[in-house]
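Comments concern the structure below.
We did not get these values from a lab; they are worked out from the coordinates using the rules stated. None of the values given here were measured: they were computed from a predicted structure. Cβ: placed from backbone, ideal geometry, glycine included. Neighbour counts: every protein chain shown.
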Amino acid sequence: MSDTILAQMQPGSRLGVHLKSLAGRFARYRMYRRTVAELEALNAHELEDLGLARGTIQEVAYRSVYGSKDT
């Protein structure tokens, strides 16, 4: 039985591919949350200097991490 479990965890296995995909998605989500937090920490003047409004922070962070919503 342990051989079966180990075989499933070999690089390139379905489980390995799914775990790698999940880890990548989680890393991108963490980057999104960190970007939102950093932008929310800026004051109105700093946001204006960047050409941003407080209401666009989530959209800007999303595009920064995930790319355009159209893709």
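Would you pick out the residues in the range 21-39 that are more than 8 Å from the chain's Cα centre (by Cα) and touching a residue at least 24 places away in the same chain (Cβ under 8 Å)? Correct list: Thr35, Val36.
Total residues in the range 40-71 satisfying the condition of being touching a Phe, Trp or Tyr at 6+ places or on another chain (Cβ under 6 Å) and free of Cβ contacts under 8 Å to residues at least 24 places away in the same chain: the figure is 0.
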